[in-house]
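The values are calculated or read from the model by the stated rules, or taken from the named source; none is laboratory data. What you see is a predicted model, and the numbers here were worked out from it, not measured in a lab. Neighbour counts are summed over all protein chains in view; Cβ atoms, including those assigned to glycine, are modelled from backbone coordinates with ideal geometry.
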Amino acid sequence: MIKHFTVLAAAAAVSLAAGAAVAQDDYPTQPITMVVPFSAGGPTDTVTRLIAEPMGKALGQQFVIQNVTGAGGTVAAGQVANAEPDGYTVLMHHIGMSTAPTLYPNLPYDPLEDFETIGLVTEVPMTIVARKDFPAETLQEMIDYVKEHADEVTLANAGIGAASQLCGMLFMDAIGTQLTTVPYPGTGPALTDLVGGQVDIMCDQTTNTTGQILGGEVKAYAVTAEERLANLPDVPTTAEAGLGDFQLRIWHGLYVPAGTDPAIVEKLSSALQTALQDQNVIDRFAELGTTVVSQDRATPEAHTEMLSSQIELWAPIIKAAGVTAE
Ligand code: MLT
């Protein structure tokens with residue numbers, strides 16, 4: 001009798017494995033959810049929607065964008081860490097994946113253990129901007145004003161763990177002045193308030209601020225890039241503007257839950273590489289001040305290397321700044 005059951009159990013295991021193999025081979029057979037950790041209309045959302053379209057074409061299935069906000073992107077990352085590892089839930093996230101472990105002592109996930117990396121996407125420079133009637137024409141004048149009126153000036157960001165919060169933290173550190181920070185679910189709504197004059201300054205990615213800068217709706221004092229940007233030729237670098245070695249680019253990457261079949265990871269990585277060769281993506285990124293990463297960086301290996309080195313890089317800097325979410 002035992003022999004009989006053993007044979008049945010083995011047969012069941014084989015057919016289960018065969019079924020799983022078919023699932024991976026046929027993947028994807030339904031739309032894929034792409035989770036964005038910040039509000040619609042912000043820089044992360046913009047990058048995601050640009051690459052989701054050609055990725056979907058390459059895979060033969062649509063991506064459905066889901067904006068999951070809160071806690072500087074960690075709510076979304078936690079949700080994806082616990083999702084089914086079936087390839088139908090993908091996370092787009094940025095440098096915040098590497099700062100969260102230090103900022104959140106009780107982070108409910110481990111960025112390296114609880115995800116599979118798919119590949120890097122882009123590294124976006126940031127702009128130091130202010131409401132258009134802010135009483136300063138140069139970065140030095142802005143810093144002088146901010147120092148003198150520290151108890152009045154407000155600094156917008158997308159919550160602890162956001163790129164805008166990291167840049168704001170570094171900026172306050174660099175000028176030796178703490179300001180009142182105003183958190184938003186994303187820098188999309190934050191920029192709306194900056195244009196409306198409800199907040200004073202912000203450090204945000206060019207993928208969000210370019211349009212408002214060129215439209216004269218906000219003041220731009222500097223870009224956090226090594227050289228001036230072709231799409232914002234009149235905005236000085238932080239070095240030119242007197243802030244010294246203040247460079248920061250916000251790298252973005254794609255993730256799926258740990259345990260996702262390597263064949264599915266490979267399909268997603270290959271679709272990402274295809275998307276990064278799409279002319280519309282390349283042109284739109286250029287208009288927004290950024291570029292696609294090279295093909296060899298749109299790989300799980302390069303992405304994991306970036307993530308682990310960045311976790312190590314930011315930990316002492318954040319600890320020295322004394323910033324924590326708890
Ligand atoms: C941030 O980290 O500041 C986010 O990129 C903001 C956003 O994408 O809305």
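Assorted remarks:
- Among the residues of this structure, P37 counts as one that is at pLDDT 95 or above and under 30 Å from C203 (Cβ atoms).
- The requirement of being modelled with pLDDT of 95 or more, farther than 29 Å from V292 by Cα, in contact with an Asp or Glu (Cβ under 8 Å, 6 or more places away or on another chain) and assigned to a loop (DSSP other than H, G, I, E, B) is fulfilled somewhere in segment 126-133, by at least one residue.
- Subset of segment 26-44 [within 16 Å of the ligand (Cβ to nearest atom), on the phi < 0 side of the Ramachandran plot and in contact with a Gly (Cβ under 7 Å, 6 or more places away or on another chain)]: P37, F38, S39, A40, G42
- Single residue of V235, V223 found to be over 21 Å from the mean Cα position of the chain (by Cα), at pLDDT 95 or above and away from the ligand (no atom under 15 Å from the Cβ): V235
- Of all the criteria given as (1) more than 22 Å from the chain's Cα centre (by Cα); (2) closer than 26 Å to T154 by Cα; (3) modelled with pLDDT of 95 or more; (4) surrounded by fewer than 16 Cβ atoms within 10 Å (Cβ to Cβ), the one not satisfied by E217 is (4).
- Filtering segment 286-305 to residues that are aliphatic (A, V, I, L, M), surrounded by fewer than 21 Cβ atoms within 10 Å (Cβ to Cβ) and touching a Leu at 6+ places or on another chain (Cβ under 9 Å) leaves only A302.
- Yes/no for V281 being in a strand (DSSP E or B) and assigned by TED's automatic domain parsing to the domain that holds E53: no
- Number of residues in segment 86-125 that are more than 16 Å from the ligand (Cβ to nearest atom), closer than 24 Å to V292 by Cα and charged (D, E, K, R): the value is 1.
- Meets criteria (part of a helix (DSSP H, G or I), out of contact with any Leu (no Cβ under 6 Å at 6 or more places or on another chain), buried (at least 21 other Cβ atoms within 10 Å of the Cβ) and touching a residue at least 12 places away in the same chain (Cβ under 8 Å)) for L268: yes
- Selection from segment 45-56 of residues that are away from the ligand (no atom under 15 Å from the Cβ) and closer than 14 Å to G188 by Cα: none
- Filter result (surrounded by fewer than 20 Cβ atoms within 10 Å (Cβ to Cβ) and of a type in the set (A, V, I, L, M)) within segment 97-132: L112
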